[in-house]
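Participant: Encoded as structure tokens, here's the structure I'll be asking about.
The values are calculated or read from the model by the stated rules, or taken from the named source; none is laboratory data. Just so it is clear, the structure is predicted and the values come from calculations on it, not from any experiment. So basically every Cβ, Gly included, is an ideal-geometry build from the backbone, and we count neighbours across all protein chains shown.
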Amino acid sequence: MKENTKHRILIIEDDLHIAEGLTLNLKMQGYAVKVSGDGVSGLANWKQWRPHLIVLDIMLPGIDGLSVLQSIRLEDEKLPILILSARATVDDKVKGLRYGVDDYLAKPFNLEEFLLRVERLLKRAYWEKQHGDADAAIPDDIPELFRFGENQVNTLTGAAQCRAGDVQLTEQELKLLRLFIRHRGKHLRRSKILEIGWGYTGGMTTRTVDNFIVRFRKYFETDPKHPVFFQSIRGVGYVFSDE
């Protein structure tokens, strides 16, 4: 059967039996399918392959599914994502919805229902592309022009007016800033920042995060040695305050 390359579906699932079953049935429907067995490779395939829809498990080796979800949502709010997980309590579903998942289906699941949900999500995404602002990439809860103190950042383009003058944030700086904005007032561990912001596991050095914070303080703080916005939490990580 010829694959319908118009609709590419990425499955991020570590259960080989489930992944193979989903792949077979999705291909029978004409979709192009790729499988990633862990969160790190899932993020890599998302960036390289640019699927039209992602089927995502929560309990993954390396980086968990919710961190994968948050990482994607920092760059793309429109991509349809369907969580398929054995974790199906109300709290699990609420957390998934809070982080931006489009649909949530509990394991074990009915195959016909799964295929219908996939079809519906793809149709909705197509309709939004035809009738809405599908090119907008920033999360809905992050304003396009974000102000804190005397600083102003365009969270779509990365153009910033700050104490250091006019600065063009790099793609990674912008993604990290969006992460802090979305979690403003909350403590973020360095390891979690690496997972969401870079797609790294605990084996990577947390010094990477520290270096970016140094840059942010130079850009945005009146006195970088005594930061107001990007504060260190000893033994934990950092907290961003926009007040």
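Participant: Can you find even one residue in segment 228-242 that is at pLDDT below 95, surrounded by 18 or more Cβ atoms within 10 Å (Cβ to Cβ) and closer than 23 Å to residue 64 by Cβ?
Facilitator: Checked segment 228-242: at least one residue is at pLDDT below 95, surrounded by 18 or more Cβ atoms within 10 Å (Cβ to Cβ) and closer than 23 Å to residue 64 by Cβ.
Participant: Is there any pair with a first residue in segment 205-231 that is in the same structural domain as residue 149 (by TED's automatic domain parsing) and in contact (Cβ under 8 Å) with a residue 60 or more places away in the chain and a second that is of a type outside the set (D, E, K, R) and part of a helix (DSSP H, G or I) whose Cβ atoms are under 7 Å apart and which are 6 or more apart or on different chains, and what are they?
Facilitator: Filtered contacts from segment 205-231: 229/220.
Participant: Then there's this: How do the helices (runs of 4 or more DSSP H) wholly within segment 1-77 filter down when requiring 3 or more residues that are under 19 Å from residue 101 (Cα atoms) and in contact with a Lys or Arg (Cβ under 9 Å, 6 or more places away or on another chain): which remain? Give the steps one after another, and end with the answer.
Facilitator: On the way: elements: 16-28, 39-49, 65-73.
Passing ranges, in order: 65-73.
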